[in-house]
1. Output the residue which, of all residues in the stretch 14-30 that are buried (at least 16 other Cβ atoms within 10 Å of the Cβ) and touching a residue at least 60 places away in the same chain (Cβ under 8 Å), is farthest from the chain's Cα centre (by Cα).
2. Just to verify a result, which residue in the stretch 48-84, among those that are of a type in the set (S, T, N, Q) and modelled with pLDDT under 95, is farthest from ALA94 (Cα to Cα)?
3. Helices (runs of 4 or more DSSP H) wholly in the stretch 51-162 with at least 2 residues that are touching a residue at least 60 places away in the same chain (Cβ under 8 Å), open to solvent by less than 80 Å² (accessible area, probe 1.4 Å) and not hydrophobic (A, V, I, L, M, F, W, C) - which ones?
Amino acid sequence: MYKRQVKVKAESAFKTLAKRNSAAADEISLITQQINTQNQAYTRYMQQANSVGLSSDWMDKVKNGTIDISTITDEDLSDKIKDFQDFYEKAIKAKDAVADLHEEIAQLYADRFSNISTDFDNQLALVQHLTDTYNTGLDTLEAKGLKGSKVYYLSLIHISEPTRLRCI
């Protein structure tokens, strides 16, 4: 439930850049915890699989899918193979989940970069718009034979300052 709320915040177009990226960072943290849990599950399942008492030859056959359990007549061996296969499949599912979670994190980092890039582009566009507006105002005054006021020039200087553009 909490992860869903964080994801909604991270994707909200109406949130500020800082809030969206903070929510994305929170989601990355949650996913990292899930990765740790899945890695622990993988390790535990592999420990259990290896403790079944199956020879490495039989383990390799199970891992490679080159075994037909219905052909095994030894009930003890058949049970060990089934147990090993069950734990091994659970371990593989945990490892696959880790890979999927890493993809989610990569997407979140790409989204964060995109958010920053878009915000920066928007700020540049705003500065350009304001500069054009002030220059048009100055040109209009000069066309009427008037001089631009100090306010126009101070405003142009203000919007051109590098500190106007913030990068988070």
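The values are calculated or read from the model by the stated rules, or taken from the named source; none is laboratory data. Only a predicted model underlies this, so the values are computations on that prediction, with no experimental measurement involved. Here the Cβ positions follow ideal geometry from the backbone for every residue, glycine too, while neighbour counts run over all protein chains shown. Note: accessible area is taken over every heavy atom of the protein model, side chains too, but ligands, DNA and RNA are not part of it. Shrake-Rupley method; radii C 1.70, N 1.55, O 1.52, S 1.80 Å.
1. LEU17
2. This residue is THR73.
3. Once the helices (runs of 4 or more DSSP H) in the stretch 51-162 are filtered for at least 2 residues that are touching a residue at least 60 places away in the same chain (Cβ under 8 Å), open to solvent by less than 80 Å² (accessible area, probe 1.4 Å) and not hydrophobic (A, V, I, L, M, F, W, C), what remains is 75-143.
Rundown of residues vs (1) of a type in the set (Ser, Thr, Tyr); (2) over 40 Å from the mean Cα position of the chain (by Cα); (3) more than 30 Å from GLN40 (Cβ to Cβ), yes/no style:
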{"residue": "GLN107", "(1), (2), (3)": "no, no, no"}
{"residue": "ASN115", "(1), (2), (3)": "no, no, yes"}
{"residue": "ASP119", "(1), (2), (3)": "no, no, yes"}
{"residue": "ASP139", "(1), (2), (3)": "no, yes, yes"}
{"residue": "GLU142", "(1), (2), (3)": "no, yes, yes"}
{"residue": "LEU146", "(1), (2), (3)": "no, yes, yes"}
{"residue": "SER155", "(1), (2), (3)": "yes, no, yes"}
{"residue": "ILE159", "(1), (2), (3)": "no, no, yes"}
